[in-house]
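The values are calculated or read from the model by the stated rules, or taken from the named source; none is laboratory data. Remember, it's a predicted structure, so these values are computed and weren't measured experimentally. For neighbour counting, all protein chains shown are included, and Cβ atoms are generated from backbone atoms with ideal geometry for every residue, glycine included. In case anyone asks, the SASA skips ligands and DNA or RNA and just uses the protein heavy atoms, side chains included. Shrake-Rupley method; radii C 1.70, N 1.55, O 1.52, S 1.80 Å.
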Amino acid sequence: MFDRLKKAFSKGTPPPVSVLPSPSPGAAAQVLDQITPWGAGRGLKPASPAPKDGRGFALTGYFGNKSWKLECSRSSRDYIRGDELRARADLKINDDAAVLIMNRPLKNALEKRAYEMYTDTLQTTADPSLPEEMRWLAMYPEADWPAMPRPFWDRYVVLADTQEHALAWVDKDLMTQLMAWPTPGPDEQTPFILMLLRGKAYLRMQYTVGDMPTLNHATDVFTKACASAVSELTADITL
């Protein structure tokens, strides 16, 4: 990993990760009134318990016969500033499939952090609080294939246990969704992660409470990712 990080950072400092503005308390409360009916239109209902911060939300539903959850609250990751949108679905797909899609500026920022940690002469042990995503950078190589357009690779990186699992999951429809965020909305600097791990799908991204177009599109991205995973990775792939 160190050699890979050293090579990456010899090319220069990566661009900063963007920070989305937080809404006023009044605006946040107003949009929360929209969440329940919006969720009902997508087959989601309020989860219990509700987020403790009073500004987020938690909804649950089913993707086919598989449960999933969509929630928003203060971020649990230090690379996300302000509020975080998360989704999780227990798809019961191939447990061996491990694939992560991350916006490239976030990958660069996490690599820079890891590089600084490993080159710090005062750092003698690994920090157990490091986010799991940083460990992925060490565990899994970057996958790429020519069928994806160059703008996709400029914006995102795909890490995977095998190229076959990445190819099976990240199809043309999912790629199209990932490149079609509403404007104004998340750009290539906005922290974003979509992953498959241990038979489950996860979404994690920086989010401004009240941005309903982004909430709609993020939900579409996640449900499309779930559909692709169930279709292509329910059974083991013969390698």
Solvent-accessible area of Glu164, probe 1.4 Å, all protein chains present, reported in Å² to the nearest ten, please. 90 Å²
Size-normalised alpha-carbon gyration radius of segment 169-239, reference 2.2 N^0.38 Å: 1.19
Just to check I understand the Karplus step: with θ = phi - 60° and J = 6.51 cos²θ - 1.76 cosθ + 1.60, what whole-Hz values come out for segment 185-199, glycine and proline as x? x, x, 10, 5, 8, 6, x, 8, 9, 10, 8, 10, 7, 6, x
Trypsin sites (Lys or Arg not before Pro) within segment 148-239: DSSP coil, no more than 14 neighbouring Cβ in 10 Å: Arg198
Can you work out ³J(HN,Hα) from phi for every residue in segment 159-174, in order, using Karplus 6.51 cos²θ - 1.76 cosθ + 1.60 and θ = phi - 60°, giving whole Hz and x for Gly and Pro? 10, 7, 5, 9, 4, 4, 5, 5, 4, 5, 7, 8, 8, 4, 5, 5
Across segment 143-148, in residue order, what do the Karplus-derived ³J(HN,Hα) couplings come to in whole Hz, using 6.51 cos²θ - 1.76 cosθ + 1.60 with θ = phi - 60° and x for Gly and Pro? 9, 7, 8, x, 5, 7
Obtain the nm distance between the two label points defined at Arg42 and Leu197 by a simple spin-label model: each point lies 7 Å from its Cα along the Cα-to-C-beta direction. 2.2 nm
Note down the accessible area of Lys92, probe 1.4 Å, to the nearest 10 Å². 140 Å²
